[in-house]
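Right, one structure below, let's go through it.
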Amino acid sequence: MHGGEIVVVPDADAGFVAADSSIVGNACLYGATGGDFHANGRAGERFCVRNSGAYAVAEGTGDHCCEYMTGGVVVVLGTVGRNVGAGMTGGIGYFYDKDGGFKERVNPEIVKMQR
């Protein structure tokens, strides 16, 4: 993704709770350089890997969220998998930590976490 806006919303008759279901697949926004992305639901593994400028919002992600990210902003409103921010050298991530388990999911080698 290099610009524009993408909004992913499941059909009202989909028969599942969007916040509890993956509605975008693995490696969504891999290498994104710009634009706005909003998912009414969860993303798969490696969400926003190598993101260098996109703004993204999802209701949860799988493993390796924000891996090797160099720019942009990511907001995750639900749980994440392991290894968040591995190799991340830029950008910023905001994570809602409802269950208090986020700290154990962050890769602390480069990333600084603040509450």
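The values are calculated or read from the model by the stated rules, or taken from the named source; none is laboratory data. All figures in this text were calculated on a predicted structure; none of them were measured in a lab. Here Cβ is always computed from backbone atoms with ideal geometry, including for glycine, and neighbour counts include all displayed protein chains. Side chains are part of the model used for accessible areas, which takes the heavy atoms of the whole protein and leaves out ligands, DNA and RNA. Shrake-Rupley method; radii C 1.70, N 1.55, O 1.52, S 1.80 Å.
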Listed residues GLY91, GLY81, GLY87; which is over 20 Å from GLY4 (Cβ atoms) and open to solvent by 20 Å² or more (accessible area, probe 1.4 Å)? GLY87
Looking at VAL7, VAL76, VAL24, VAL106 in this structure, which one is touching a Ser or Thr at 6+ places or on another chain (Cβ under 6 Å) and in contact (Cβ under 8 Å) with a residue 12 or more places away in the chain? VAL76
Being assigned to a loop (DSSP other than H, G, I, E, B), of a type outside the set (A, V, I, L, M, F, W, C) and either open to solvent by 40 Å² or more (accessible area, probe 1.4 Å) or under 17 Å from VAL73 (Cβ atoms) (or both) is the filter here; which residues of the stretch 101-115 pass it? PRO108, GLU109, LYS112, GLN114, ARG115
Qualifying residues in the stretch 23-62 (those that are of a type in the set (Asp, Glu) and under 10 Å from the mean Cα position of the chain (by Cα)) - the one most open to solvent (accessible area, probe 1.4 Å): GLU45
